[in-house]
Every structure is written in C-alpha cells, then in structure tokens.
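**Q** The structure is given below, and queries will be raised subsequently.
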Amino acid sequence: MKDLINKLAEEHSLNLEEYEALISGRNEENTRLLREFAVKVRREIYGNDVYIRGLIEISNICRNDCLYCGIRKSNKNCERYRLTPDEIIECSNEGYELGFRTFVLQGGEDGYFTDEILGGIVKKIKDNHPDCAVTLSMGERSYGSYKFLRACGADRYLLRHETADSQHYSRLHPLAMSYDNRMKCLENLRSLGYQVGCGFMVGSPYQTVKNIAKDLKFIETFKPEMCGIGPFIPHKDTEFRNFPPGSAEMTCYLLSVIRLIYPPVLLPATTALGTVNPIGREMGIMSGANVVMPNLSPVKVRKKYELYDNKICTGEESAQCRNCLNERVSKIGYRIVTGRGDFRVPC
Ligand code: 5AD
Ligand code: FES
C-alpha cells in the first residue's frame, strides 16, 4: 500500500484497480501517510491559507426530486422560501463588511430565477463589489443560460457530479434526471470559462468502492478547479431516511487522496463534514482541505435549507460563524485569508 501512496504522490494518477485498493485499504497508517503527503503539497501551493466563501442559500424551491435531498420537490414537510433580489444583495453587502470576497449563491432549481433575474443579481453584486468573485450553485441549466450568466459576471459554478457511475446515478435520482446531462453541464461550464466545481457524497446509498474509484478517476481527468465532497447524511423526509451516514474518517481520507490527485484543487471542508463530527471541518483541513464556506443566509431561513438532518450553524448570525471559523482555523495552525482566493494555476 505504501508503494501505491508513493506512486499517487509522485504521478498524481492511479488506475481504477489501484484506486479501489487504496479505498479498501484505509487504515490508520495509510491515513497518516496520505495526510502527510496531502498537507505537504497543499502547503507548497497555498501555504497555511484557508479561503473563506460566503454561502447565501437563496431558495429551497426545487423542481428536482433527488432521492437524498431534504428540499426535493416531493417533500411536503419542507417549508419553502425564496429570498428576494434585495435580500440577496443585502446578504452580500453584510458579507462584504465581514471581509468576504467570494459569494456563493446556492439554491434549488427554482424557476423564478430566470436568466434575467439571476443575471441581474450577479451584475448588481459585481457592480457593488468589483473586487469580489461570484460563484453560482443553481443546478442544471442550459448552455445558453450558463453563457448569459457568465456574461453577467459569474466567475465560478459549483455542480457536483454526485457520482461518476451512471447506474449509481440512476439509483440516486429520478428517471427524469440524466447522468449524461449532468456531465454535459460540467463540460459546458468549463468551455465557457467558469472555474468549475464538481464533487460527490461519501457513503451515499448503494455507493460501492468501485463507484468511488470512478469518482476519483473522473476528478483526475476533469481536473476541476474546485471539488466538494462531504458525507451523505440521511434526511427524515426522504426514502433514504434509514441509510447510515457517511463517515468523517472516509471523507477525510478521500480529501487527502483528491489533494494528491490534483494538488492545486480548491477543496472545502464542508458543513456536512462538520455535521457528522463536531471537529469534522478541522479534521478536513488537516487532511488537505483549504476552503471553508460559512453561511451568510438570513437566520430566519437557515433551518429551512435543510438538505440533511441536524445541519450545523442554522441558529448563528453570519458574524458568529465568521468568528467561530476564524478561531477554529487558527487553533489548528492555519489562517483564514480574505480575498477572492482564486484557483492557482500550477506552473
Ligand atoms: N447529505 C449530504 N449531502 C447532501 N447533498 C444533498 N443532500 C444531501 C444529504 N442528504 C449535497 C449534494 C448536493 C449539495 C448541494 O449537497 O451533493 O450537490
Ligand atoms: Fe457557524 Fe461555527 S461555523 S457557528
């Protein structure tokens, strides 16, 4: 196994069988070795810096019905909300005051956010704060829509691929959604000049070691600027309610692997990781992650954007989360930097 880890650290590539062996062979010793390599390469590129992104959850109204997701269309217990454009702008202004220089607008696939409306919001944020990056995380849209939003000033787009195995994809999503379209969207975003983020859940229902190996191979070939991975956490109002959550340990192990596959990738220690383990985000950073994404949404809507049960930080004000993360990150010897925190092109 040591050989495999050395090979990954040197060549940034393994074949599918080797990835499978790496995933199956997780133990304390391998975890430590991978973590040491991952932290070293991250330090070479990003030093001790951890980037901070302000997440604004703009709507929990969604036309989709992903089986794992708490805000899926068919969840009748979900109390729906949508922020107005003014409320969204207000959140970004408040975030700017707190030092944020990247705003992530995330939401369900809500038909209200037409290109004109969403594009107008992006433009306004960029006009108000030309030194900021705007990231969208609004699901699958047409090529033309992505193009329009890019022209309005959107810099980055997050669209997790969810799983790089089409059969597994179809077990997590309704028939109406297609793996091919998901992948096409990622290609379209890339071709339009967005910094693109993909990603997947760790321990999602029916996920096998082979599936994860494919995810890793996909990341190796696609080379996303960002990659969001976090543990699957069941939501009580979905049919996956009785599946066990993914583990913080496996998530951190994979964070180290992904850091080695593509050293410059921007890798968040996710809220889901902080939800399955109270120090999950710290563990993530110590395994190779270099981004945190505290919540900037108005407190009155936070509990409603519940993709999974027991999500953390739903009662805190933006400033509280900002300070809390500052402390958490500096306690483990890193520092939060404000600034756009763009992807650093490897030389
Ligand atoms: N547990 C963990 N992550 C989830 N997501 C959606 N539902 C869950 C859940 N139950 C993730 C998906 C989605 C991202 C916004 O949140 O990967 O892409
Ligand atoms: Fe939100 Fe700690 S990050 S309270």
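The values are calculated or read from the model by the stated rules, or taken from the named source; none is laboratory data. Remember, it's a predicted structure, so these values are computed and weren't measured experimentally. So basically every Cβ, Gly included, is an ideal-geometry build from the backbone, and we count neighbours across all protein chains shown. These area figures cover heavy atoms from the full protein model, side chains too; ligands, DNA and RNA do not enter into them. Shrake-Rupley method; radii C 1.70, N 1.55, O 1.52, S 1.80 Å.
**Q** Out of LEU192, LEU149, LEU216, report the one residue that is closer than 24 Å to LEU273 by Cα and touching a helix residue (DSSP H, G or I) at 6+ places or on another chain (Cβ under 6 Å).
**A** Checking each option against the conditions leaves just LEU216.
**Q** Among the residues of the stretch 306-336, what is the count of those that are more than 8 Å from ligand 2 (Cβ to nearest atom), among the hydrophobic types (A, V, I, L, M, F, W, C) and at pLDDT 95 or above?
**A** Of the residues in the stretch 306-336, 4 are more than 8 Å from ligand 2 (Cβ to nearest atom), among the hydrophobic types (A, V, I, L, M, F, W, C) and at pLDDT 95 or above.
**Q** A follow-up question, please. Sort out which residues of the stretch 270-305 are touching a residue at least 60 places away in the same chain (Cβ under 8 Å), more than 26 Å from THR31 (Cα to Cα) and either open to solvent by 20 Å² or more (accessible area, probe 1.4 Å) or within 13 Å of ligand 2 (Cβ to nearest atom) (or both), and write them in order of number.
**A** PRO294, ASN295, LEU296, SER297, PRO298, ARG302, LYS304
**Q** Another question, if that's okay. Going through the stretch 61-78 one residue at a time, which ones are of a type in the set (A, V, I, L, M) and more than 13 Å from HIS173 (Cβ to Cβ)?
**A** ILE61, ILE71
**Q** Now for a different question. So PHE343 ticks every box in (1) open to solvent by 40 Å² or more (accessible area, probe 1.4 Å); (2) away from ligand 1 (no atom under 16 Å from the Cβ); (3) assigned to a loop (DSSP other than H, G, I, E, B) but one. Which box is left unticked?
**A** Every listed condition holds for PHE343 apart from (1).
**Q** Which residues, taken from the stretch 86-98, are surrounded by fewer than 17 Cβ atoms within 10 Å (Cβ to Cβ) and under 21 Å from the mean Cα position of the chain (by Cα)?
**A** none
**Q** Select from the stretch 34-69 the residues that are within 16 Å of ligand 2 (Cβ to nearest atom) and either of a type outside the set (D, E, K, R) or touching a helix residue (DSSP H, G or I) at 6+ places or on another chain (Cβ under 9 Å) (or both) and list them in ascending order.
**A** The answer is VAL50, TYR51, ILE52, GLY54, LEU55, ILE56, GLU57.
**Q** Only one residue in ARG322, ARG281, ARG328 is in a helix (DSSP H, G or I), closer than 28 Å to GLU225 by Cβ, within 16 Å of ligand 1 (Cβ to nearest atom) and not β-branched (Val, Ile, Thr), so which one is that?
**A** Just one listed residue meets the conditions, ARG281.
**Q** Here are some residues: ARG190, ARG160, ARG182. Which one is out of contact with any Ser or Thr (no Cβ under 6 Å at 6 or more places or on another chain) and away from ligand 1 (no atom under 12 Å from the Cβ)?
**A** ARG190
**Q** Any idea which of ARG141, ARG160, ARG182, ARG171 is more than 22 Å from GLU239 (Cβ to Cβ), among the charged types (D, E, K, R) and modelled with pLDDT of 95 or more?
**A** Going through ARG141, ARG160, ARG182, ARG171 in turn, the sole match is ARG141.
**Q** For ARG32, work out the one condition from (1) surrounded by 15 or more Cβ atoms within 10 Å (Cβ to Cβ); (2) within 25 Å of the chain's Cα centre (by Cα); (3) not aliphatic (A, V, I, L, M) it doesn't fulfil.
**A** Condition not satisfied by ARG32: (1).
**Q** Filtering the stretch 213-245 down to residues that are open to solvent by less than 10 Å² (accessible area, probe 1.4 Å) and aliphatic (A, V, I, L, M), which residue is farthest from ligand 1 (Cβ to nearest atom)?
**A** Of everything passing the filter in the stretch 213-245, ALA213 is farthest from ligand 1 (Cβ to nearest atom).
**Q** Right, another one. Quick check on this structure: which one of TYR262, TYR194, TYR253, TYR169 is open to solvent by less than 10 Å² (accessible area, probe 1.4 Å) and under 27 Å from LYS7 (Cβ atoms)?
**A** Every option except TYR253 fails the conditions.
**Q** Please list, ordered by first then second residue, the pairs with beta carbon atoms under 7 Å, 6 or more apart or interchain, first in the stretch 306-324 and at positive phi, second within 15 Å of ligand 1 (Cβ to nearest atom).
**A** ASN310/THR275; CYS313/THR271; CYS313/ASN295
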